[in-house]
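Once you've had a glance at the structure underneath, I'll fire off some questions.
The values are calculated or read from the model by the stated rules, or taken from the named source; none is laboratory data. As the structure is a computational prediction, the values presented were derived from the model and not from experiment. Using ideal geometry, Cβ is built from the backbone for each residue, glycine included, and neighbour counts are taken over all protein chains shown.
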Amino acid sequence: MPRIVTLTLNPTVDKSTTAGQIIPDQKLRCTPPKFEPGGGGINVSRALKRLATDSVAVFPVGGPSGLLLRQLLSAEEIEQCPIETEGWTRENFIVVDTSTGQQYRFGMPGAELRPGEQQQVIRVLQELTELPEFLVISGSLPPGVEPDFLVQVARAAKKLGVKVVVDTSGPALLALLAEGVYLAKPNVGELSKMTGVEELDSEAVAGAARQLVENGKCEIVVVSMGPQGACVVAANHADYIPAPSVKKRSTVGAGDSMVAGLVYGLVSGRSLRETARFGVACGTAATMNPGTELFKKADVDKLYQWLLHTMPAQV
Ligand SMILES: Nc1ncnc2c1ncn2[C@@H]1O[C@H](COP(=O)(O)OP(=O)(O)OP(=O)(O)O)[C@@H](O)[C@H]1O
Ligand SMILES: [Mg+2]
C-alpha cells in the first residue's frame, strides 16, 4: 500500500488546444485537443509517479467525463479510489493564442457534491486497507461542500496519526489551519489574504509563516513565491530558497509539482533543508514545460543538485 493518499474533491479533465488568433464572433479553428487529468491532488499523484513514488488518488467522479478521467489516470498507472457521483466531472478548457503565445484558462465550477456523496468520501478514506503516512488535501471545493467538511476529514486523519498536507485557498485553507495540519503550502497571495496585508515583502512572508507555526496552525509551512522561490518555516527552522532561473514556458502545475516534491522529500526521510530544495526543484522544473505538462525528472535532478550545492541554509 502506498504511503501517500491524495484527496481531490473537484477533479477535472483538462482539455487543451491552440488557435491562430482569439477574436470574437468568428469561428476559431483549433488544433486537435489534448486531454489530461487535473485537479490539485490528482496532479500531485501524477507528479509523484514521475518521481517513481506510488500514491492512491481519492476523488469523486461522474458522467462520461468522469469515465474519461478514470481512463486517463489508468493510462498513467495511478492507483484510484473513485467515489461515483450523480454530477458529471467538470472539464476545464485551456487555449493558447499562437499569435501572441498567451494562454487562456477557463475553469468550470464543478458539479455539486451531495451530502451522501461527501459521506462516501469519508467512508472510502476510512476503509483504506492500510493507513497512509500522508494525506494530501489539494485543490478547490466543488459546489455543495463547506470548508467544515475538510476539517472533518483532517480531524479523522489526524486521530489515526496520518500527517495532513494542505494546498488549498480561501475559507477552506483558513478552516484547515484553524484545525491544525502537518504541512501547508500557501502561495504569497493566499498567505497575504490570510494575514490581511496586501503586499508581503520577503521579510513579512517569513514573519507571517512563523506566526502560523507558533500559533499551532501547522508544523511546517512552505510559502511558494513563484519565480522568487520559497520560504520554509518550522519550529527551529527558517530557510529561504530562491528559484533557479530557467526559461519559463508555463507555470501551470508548478504548485502541485512543488507539493509532490515536498511530500516525496518527507516520505523518503530527507531533512527539511533537502525536502524544501527538492520541492522548489520540482516546481521550477514544471515551469520549463509548455501547457499543463508537469516536470521532467531529469530537470528536477539537475535543479536539485544545483540548489543543494549552491544555496547554503539560512537560519
Ligand atoms: N517563473 C518561475 N521561475 C522559476 N520557478 C518558478 C516560477 N514560477 C513558479 N516557480 C516554482 O514553482 C513553485 C510554486 O510556484 P507558485 O508559487 O507560483 O505556486 P502556486 O501559485 O501555488 O502555483 P499554481 O498556480 O500551480 O497553484 C515556486 O516556489 C518555484 O519553485
Ligand atoms: Mg497553488
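For the range 267-285, name all the residues that are closer than 21 Å to Ile220 by Cβ and small (Gly, Ala, Ser). Quick ask: steps written out before the conclusion?
Initial filter on the range 267-285 (closer than 21 Å to Ile220 by Cβ): 267-284.
Those that are closer than 21 Å to Ile220 by Cβ and small (Gly, Ala, Ser): Ser268, Gly269, Ser271, Ala276, Gly279, Ala281, Gly283.
Quick check, is Val164 under 20 Å from the mean Cα position of the chain (by Cα) and buried (at least 22 other Cβ atoms within 10 Å of the Cβ)? Break it down into steps so the answer makes sense when it comes.
Working: under 20 Å from the mean Cα position of the chain (by Cα): yes; buried (at least 22 other Cβ atoms within 10 Å of the Cβ): yes.
Here the answer is yes, as Val164 does meet what is asked.
Go over the candidates Ser140, Ser224, Ser169 one by one and state the one that is under 18 Å from the mean Cα position of the chain (by Cα) and buried (at least 22 other Cβ atoms within 10 Å of the Cβ). Working first, answer last.
Values: Ser140 fails: buried (at least 22 other Cβ atoms within 10 Å of the Cβ); Ser169 fails: buried (at least 22 other Cβ atoms within 10 Å of the Cβ).
Answer to the selection: Ser224.
Let me ask you something else. Check off (1) buried (at least 19 other Cβ atoms within 10 Å of the Cβ); (2) at pLDDT below 95 for Lys193 and give me the number that stays unchecked.
(1)
So which strands (runs of 3 or more DSSP E) stay within the range 153-233 end to end and still have 3 or more residues that are in contact with a strand residue (DSSP E or B) (Cβ under 7 Å, 6 or more places away or on another chain) and within 25 Å of Gln120 (Cβ to Cβ)? Give the derivation first.
On the way: elements: 163-167, 181-184, 218-224.
So the answer is 163-167.
Still on this structure, I have one more. Out of everything in the range 172-187 that is free of Cβ contacts under 8 Å to residues at least 40 places away in the same chain and farther than 17 Å from Leu135 by Cα, what residue ends up being surrounded by the most Cβ atoms within 10 Å (Cβ to Cβ)?
Checking each candidate, the answer is Leu174.
Among the residues of the range 13-40, write down those that are of a type in the set (A, V, I, L, M), part of a strand (DSSP E or B) and more than 19 Å from the chain's Cα centre (by Cα).
From the range 13-40, those of a type in the set (A, V, I, L, M) are 13, 19, 22-23, 28; that's our starting set.
Remaining after also requiring part of a strand (DSSP E or B): 13, 19.
Of everything in the range 13-40, just one residue is of a type in the set (A, V, I, L, M), part of a strand (DSSP E or B) and more than 19 Å from the chain's Cα centre (by Cα), namely Ala19.
Please specify each residue of the range 263-300 satisfying the condition of being within 13 Å of ligand 1 (Cβ to nearest atom), touching a strand residue (DSSP E or B) at 6+ places or on another chain (Cβ under 8 Å) and modelled with pLDDT of 95 or more.
Matches in the range 263-300: Ala276, Arg277, Gly279, Val280, Gly283.
Enumerate the pairs (first residue in the range 281-300 and without any contact (Cβ under 8 Å) to a residue 40 or more places away in the chain; second residue anywhere and more than 10 Å from ligand 1 (Cβ to nearest atom) and not in a loop (DSSP other than H, G, I, E, B)) with beta-carbon separation below 6 Å, excluding pairs fewer than 6 apart on the same chain, so at least 6 apart or on different chains.
Note: pairs meeting the criteria are Ala281/Val300; Ala281/Tyr304; Ala285/Asp299; Ala285/Val300.
Checking the conditions here, which among Asn92, Asn10, Asn43 is assigned to a strand (DSSP E or B) and at pLDDT 95 or above? First the steps, then the outcome.
On the way: Asn10 fails: assigned to a strand (DSSP E or B); Asn43 fails: assigned to a strand (DSSP E or B).
Matching residue, one of Asn92, Asn10, Asn43: Asn92.
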